[in-house]
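Just below is one structure, and these are the notes that go with it.
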Amino acid sequence: MQELRDAGVMLRLIYQAMKTKGIDTDAIFDRLGVNEQYVFTDQLRTPHNAQLYFWQATEEVSGDRDIGLHLGQVLPVYKGQVLEYLFLSSPTFGEGLRRAQNYQRLLSDAANTDFLVEGDEACMVLDAASDEVSRLRHFNECFVQGLMIFFRSITEGQFRCSRIEFEHQRDHGQEHVKEVLGCDVVFGAPENRMYFPVSLLAHPSPHAEPELLDLHERFASEQIARLEKKDIVGLVERIVAELLDSGEVTLDGVAERLGIKARTLRTRLTEAETSFNQVLADFRYRLARQLLATTDESIDEIVYLTGFSEPSTFYRAFKRWSGMTPIEYRKTAQGKDAMVGAM
């Protein structure tokens, strides 16, 4: 199964909100095993399940058990992305929503939001997370505010919610959430939903321009196609993980498991701007770091698990990758690397 990932822009928006709140971002990223430069990595897509570790670390460092709700209040507007351009160049807000549905993966692989009309209300079903993350209070309460801020920005401040339903439960602060969100809020609902007046679907965009809309749709389609090309990397990594301890991880062997020719696999990896040797090396490095940082496995066992033939080869490779020996890395990173799958 392909690993779900979120667009780096989601992390960057929250990072800016944390800075606004004066939160110690160094301490948070230190716990996650990355540095602040990681936030601005080009074409960054973080593992979706890292949301669980991220919000746990953010709550602990900030000391605020409603940190998702409070960061959502100061999120900057989602700007300069192709999804914003699609909304602005569409004739109405409703048309923008319909078009954006086709390109949700640009925001997250887990996103599968939908919207429907119920009488005089429209409803967005916020299926923007995996089952585990969809019940994560901090994520939900921050994400819904990010949407509200974005929708207000593209409707000249006209967007408003009439009701929000959350899957997660709350044992405290229910009235505070309603006050912050400015509408009725239901907890423990079957799914995350955001209701708003159906009249807003017809709200015209002052920036609507058919030629620009066509251009933005083509650009969005190209970005989706680029992500789809990179899917082959995830498939190769999954098979590499299954074959590593056998010590027989080859391009031909992986291609055979995928049911394609080795030449085809090589071409598809080239289209994804990488190579088989690079994917294999990156996977081994991530796995080695994760094992060193989060387990007590012996170095000999890690050598075996990462598919190296002998410790000296592993030591040389790890020193080349990280600038540290495995022992040095373990001492500095023990308990960290929650977001290792992204790097």
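Condition test on residue 156, is it assigned to a loop (DSSP other than H, G, I, E, B) and in contact with a Gly (Cβ under 9 Å, 6 or more places away or on another chain)?
On the way: assigned to a loop (DSSP other than H, G, I, E, B): yes; in contact with a Gly (Cβ under 9 Å, 6 or more places away or on another chain): no.
No.
Look at residue 120 and say whether it is touching a residue at least 24 places away in the same chain (Cβ under 8 Å), among the charged types (D, E, K, R) and either surrounded by fewer than 18 Cβ atoms within 10 Å (Cβ to Cβ) or not assigned by TED's automatic domain parsing to the domain that holds residue 177 (or both). Judged against the criteria, residue 120 is a match. Of all residues in the range 112-133, those that are at pLDDT 90 or above and out of contact with any strand residue (DSSP E or B) (no Cβ under 8 Å at 6 or more places or on another chain) total 1. Would you pick out the residues in the range 128-142 that are farther than 16 Å from residue 59 by Cα and in contact (Cβ under 8 Å) with a residue 60 or more places away in the chain? The answer is 128, 129, 130, 132. Can you confirm whether the range 155-175 contains a residue that is more than 23 Å from residue 57 (Cβ to Cβ) and of a type in the set (Gly, Ala, Ser)? Yes, the range 155-175 contains a residue that is more than 23 Å from residue 57 (Cβ to Cβ) and of a type in the set (Gly, Ala, Ser). Can you find even one residue in the range 28-38 that is buried (at least 21 other Cβ atoms within 10 Å of the Cβ) and in a loop (DSSP other than H, G, I, E, B)? Scanning the range 28-38, I find at least one residue that is buried (at least 21 other Cβ atoms within 10 Å of the Cβ) and in a loop (DSSP other than H, G, I, E, B), so the answer is yes.
Among the residues of the range 247-266, is any outside the structural domain of residue 90 (by TED's automatic domain parsing), under 27 Å from residue 104 (Cβ atoms) and buried (at least 19 other Cβ atoms within 10 Å of the Cβ)?
To start, the set of residues in the range 247-266 that are outside the structural domain of residue 90 (by TED's automatic domain parsing) comprises 247-266.
Remaining after also requiring under 27 Å from residue 104 (Cβ atoms): 258.
Next, only the ones that are buried (at least 19 other Cβ atoms within 10 Å of the Cβ) stay: none.
No: the range 247-266 contains no residue that is outside the structural domain of residue 90 (by TED's automatic domain parsing), under 27 Å from residue 104 (Cβ atoms) and buried (at least 19 other Cβ atoms within 10 Å of the Cβ).
Quickly run through the range 161-191 and pick out the residues that are in contact (Cβ under 8 Å) with a residue 60 or more places away in the chain and at positive phi. Residue satisfying the conditions is 173 alone.
The values are calculated or read from the model by the stated rules, or taken from the named source; none is laboratory data. No experiment lies behind these values; they were computed from the predicted model shown. With ideal geometry, Cβ positions are generated from the backbone for all residues, glycine too; neighbour counts draw on all protein chains shown.
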